[in-house]
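Following: one structure in structure tokens, then a few remarks.
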Amino acid sequence: MTPDLSVNFCGIKFPNPYVLAAAPTTDDAEMVARALEAGWAGAVIKTTSVESEPVELVYPQMGAFRADGHRLVGMVNIDLISKRHIDQVEKDIRYLKRSFPQKVIMASIMGSRKEDWQELVFRLEAAGVDLIECSFSCPHGMPERGMGSTIGQNPELTERTARWVKEAAKRAPVMIKLTPNVTDIVPIAQAVKNSGADAICAINTVLGLIGVDIDTFAPIPTVEGKGIYGGLSGPAIKPIALHLVSKIARSVDIPISGVGGISNWRDAVEFMLVGARTVQLCTAPMHFGFRIIDDLLDGLTFYLEGKNFQSVEEIIGLALPKITSYEHLSRAHKVKAQIDLDSCIRCDLCYISCRDGGHQAISLKEDRLPLIEEDKCVGCALCPQVCPVGAISMKKVS
Amino acid sequence: MKVERAVPRSIPPRERLDFSEVLLGFTYSEALFESRRCLYCYDAPCIQGCPIGVNVPEFIARIRSGNILGAAKIIYAANPLGSICGRVCPTETLCERACTTKLLNVPIAIGQLQRFACDLALSQGKVFFQYPQPIHGPIAVVGGGPAGLSCAHFLRLRGFDVTLFEQEETLGGLLLRGIPRYRLPEEKAQEEVNLISSGLKQEKGVKDREQAEKILREYQAVFLSCGAQISAKLGITGEEEVISANELLKQVASSSPFSSFNGKDVAVIGAGATAMDAARTSLRLGAEKVSIIYRRSREEMPAFPSEYESALEEGVEFYWLLSPVELRKINGKLELKLERMRLGAHDESGRRSPVGTGRFLKMEFDLVIGAIASFPDEEFLKMWPGLELDRSGYPISNNRQSTNPQIFLGGDLLRAGTVVRAAADGKFAAQRIADWLRQGGKR
């Protein structure tokens, strides 16, 4: 039987866990329509505000962090919320709800005053929005105006603002999007819970300086010779997001929409294993297009089938009991590196990394084949990380 | 794991009508793409696979980081003919055969990356070596091909006073008077030859024994690198009608191409590097059809795989297990009588030897080119006192030192066969000469 990919999130049925995050990909009803047609479960329309909050964007907005100077692993943006105000977003929501009744249409809002937040809620609910996401997390441009991550970095502001929104929302669940740019996310998540809001979305972008142009000495992206710190997204932030999502899931009982560096179904599975009920993607579809939904759905389906799960909901949080603290890790557990010489291609990267970054526990035989000296191997597992062909494993020793 | 290898653009076989370079080399982005596949092995086997010891993973790591000049610096430290070797090295039998990545899928295109880095440095006029004021020597280098130029280069880097004796008007040897232009454009060969011959003292070639003895008296050591340019005879009746492949290549490289090949049906006897060059050159001179005739089979063919593939894709036809017996001129045509051969026992070269079957056939051609083997000029070598030759007419060598301890050897005199081996001979002979002189230079 084909596993059921649908998830229940705050009482809303998502056809599958994949949601487009509030971003340029959702700044236009036609784009969202194409994505929903392609198979995405829903979309959070790009963050909007009231007409009295002017949005003046700057260009260029993007910069890339590349592994080996090649593959894009991180992207930075200095984009802001949508230039389109609530009046246009209302129209989009009406159109999308009418065209895609089975899909989940969400809106992201940002304001400064109580009246602004609440007016946004009234109008969006009237337009038929399924869920309201509140950005307490934009790391650039908005904090200077007392919005965005200024709220999400302060538990009191978070609780107070979330309460305003929750008060106003009569029908649609309220989800608060948190910033990773905090020392400890738990008090913030707890504040969301205390406010009565329904869910948490984590994480927004990580504050970053993606690079400096070594010819002009200007930060990237460069606007007339100057730059600012931007919001880092993409595969590079996945470990940070997984950490924070799991930390919230372990501390606060609240539904979580996981976001941050998800590129494929494997990443999505990992987020769900640490407690996310839905997952949001932004950089991956911005990079490769909405078409990636085919593999996201397909890969997840085959994974669940292979593991004999009936529903994707069964995997939510399965990794959480296995996350512990250092003092609870076993001291009796001993491992040694083991090289499968049939797979070894004799590049000897294990040798050089163990020599200069480990414990000099690998020697080379005449034919360049590496040999683990078990008495010297402490089991640190550096060598399997650098092996390009996966020929090294860690075996348990008694 | 399937990884694509970047393949440089090339002129399609049908469009190779003149002597324009066939392989166009990597673009910047292609080179970066290919460099990223390199695993950066520890003590990498490709370095062992390179006769002249270019530190391949280091230079590729520099390309990967966008430090192309740094890459060229690494290459030139080992090999002053980096751009040339990047073009003409049979890399599939050298560094790329040793490449670890080959065990995964396909080796890194090391030769093309080397060419890319060196060409970029050359285009920026970047030179990575400087010869100090000579304080040792003098040393004589006889023959200005890749071996001699390389030896002179490394001797001068060590502070030796070097004089190069060359019989031709210009330096470069086979780089400029043998390797066809479509594999190595003249200006590319000239660039590196000029760089390493700048400021080099030059004399005309050695004429007689008297002059050779004078050189041995006046110079502390001699590096002989006069090549092997004497074409072997086919040893058949009608030999006088056979064109020497070496002569053909030399003429085509140095003078205006001759037109006598237009529409001709050409046979090339032999299947080594020179035969492939002669066949592909004949096509470019306008030959209607070119056939390579070889007495053994494809397995024993001495040509490198890439050269064979290129000849094949350009339309050269191959006839295996046929040995010429007689050549007769009949009505303006050349009738070549051939004996069918079969493969017998392995000979001293390790290949199966051809054995006659007593069955014959005749083929008609307009021109027949002989490209079976080349030998050193025995008359020239005999001018040098104490220089003993082996049965095949090559000087006897002990680690590049001849039977006259004052005379060192390299290049095709030691059957180098490739530019990189010749350059390596020059490099290691320079080391050998320096060591020998330091130990007192006992004669």
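The values are calculated or read from the model by the stated rules, or taken from the named source; none is laboratory data. Every value quoted in this text rests on a predicted model; they were computed, and no experiment measured them. Every residue, glycine among them, receives a Cβ derived from its backbone with ideal geometry; neighbour counts consider all protein chains shown. For accessibility, only protein heavy atoms count, side chains too; no ligands or nucleic acids. Shrake-Rupley method; radii C 1.70, N 1.55, O 1.52, S 1.80 Å.
What to note about this one:
- Among the residues of region B:417-443, those that are among the small types (Gly, Ala, Ser), surrounded by fewer than 24 Cβ atoms within 10 Å (Cβ to Cβ) and either modelled with pLDDT under 95 or touching a helix residue (DSSP H, G or I) at 6+ places or on another chain (Cβ under 6 Å) (or both) comprise B:Gly417, B:Gly440, B:Gly441.
- Here the condition is being touching a residue at least 12 places away in the same chain (Cβ under 8 Å), in contact with a helix residue (DSSP H, G or I) (Cβ under 8 Å, 6 or more places away or on another chain) and on the phi > 0 side of the Ramachandran plot; of A:Gly111, A:Gly141, A:Gly128, it holds for A:Gly128 alone.
- Single unsatisfied condition, A:Asp68 versus (1) of a type in the set (Asp, Glu); (2) under 30 Å from B:Ile68 (Cβ atoms); (3) touching a Pro at 6+ places or on another chain (Cβ under 9 Å): (3)
- Matching residues in region A:47-78 - criterion: being among the acidic types (Asp, Glu), more than 26 Å from A:His287 (Cα to Cα) and open to solvent by 40 Å² or more (accessible area, probe 1.4 Å): A:Glu51
- Answer residue from region A:10-46, given it is in a strand (DSSP E or B) and under 17 Å from the mean Cα position of the chain (by Cα) and is farthest from A:Arg113 (Cα to Cα) among those: A:Tyr18
- Of all residues in region B:153-185, those satisfying the criterion of being open to solvent by 50 Å² or more (accessible area, probe 1.4 Å) and more than 15 Å from the chain's Cα centre (by Cα) are B:Leu157, B:Arg158, B:Gln167, B:Glu168, B:Glu169, B:Thr170.
- Given (1) under 25 Å from B:Val206 (Cα atoms); (2) of a type outside the set (Val, Ile, Thr); (3) in contact (Cβ under 8 Å) with a residue 60 or more places away in the chain, number of the condition B:Phe165 does not satisfy: (3)
Let's see how each residue does on (1) β-branched (Val, Ile, Thr); (2) within 17 Å of B:Ile243 (Cβ to Cβ); (3) in contact with an Asp or Glu (Cβ under 6 Å, 6 or more places away or on another chain):
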site	(1), (2), (3)
B:Met276	no, yes, yes
B:Ala279	no, yes, no
B:Gly286	no, yes, no
B:Ser291	no, yes, yes
B:Ala303	no, no, no
B:Ala311	no, no, no
B:Arg328	no, yes, yes
B:Gly344	no, no, no
B:Asp366	no, yes, yes
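- Considering only residues in region A:200-217 that are over 16 Å from A:Ala22 (Cβ atoms) and part of a strand (DSSP E or B), the one that is farthest from the chain's Cα centre (by Cα) turns out to be A:Val212.
- Residue match in region B:221-231 (condition: of a type outside the set (A, V, I, L, M, F, W, C) and assigned to a strand (DSSP E or B)): yes
- Across region A:364-391, the qualifying residues are those that are away from chain B (no Cβ under 12 Å) and of a type in the set (Gly, Ala, Ser), and the one among them that is farthest from B:Asp43 (Cα to Cα) is A:Gly379.
- Scanning region A:363-398 for residues that are outside any loop (DSSP other than H, G, I, E, B) and among the polar types (S, T, N, Q) turns up A:Ser363, A:Gln385, A:Ser393.
- Only helices (runs of 4 or more DSSP H) whose full extent lies in region B:11-80 are considered here, and the ones with at least 2 residues that are within 12 Å of chain A (Cβ to nearest Cβ) are B:28-35, B:45-49, B:56-64.
- Within region B:344-400, the set of residues being part of a strand (DSSP E or B) and open to solvent by 60 Å² or more (accessible area, probe 1.4 Å) comprises B:Ala345, B:His346, B:Arg352, B:Arg359, B:Phe360, B:Lys362, B:Glu364, B:Phe375, B:Asn398.
- Any chance B:Ile292 is free of Cβ contacts under 8 Å to residues at least 40 places away in the same chain, of a type in the set (A, V, I, L, M) and farther than 30 Å from B:Ala212 by Cα: yes
- Residues in region A:346-362 that are under 36 Å from the mean Cα position of the chain (by Cα), in a loop (DSSP other than H, G, I, E, B) and within 8 Å of another protein chain (Cβ to nearest Cβ): A:Cys347, A:Asp348.
- The sole residue among A:Ile86, A:Ile81 that is more than 28 Å from A:Lys238 (Cβ to Cβ) and buried (at least 17 other Cβ atoms within 10 Å of the Cβ) is A:Ile86.
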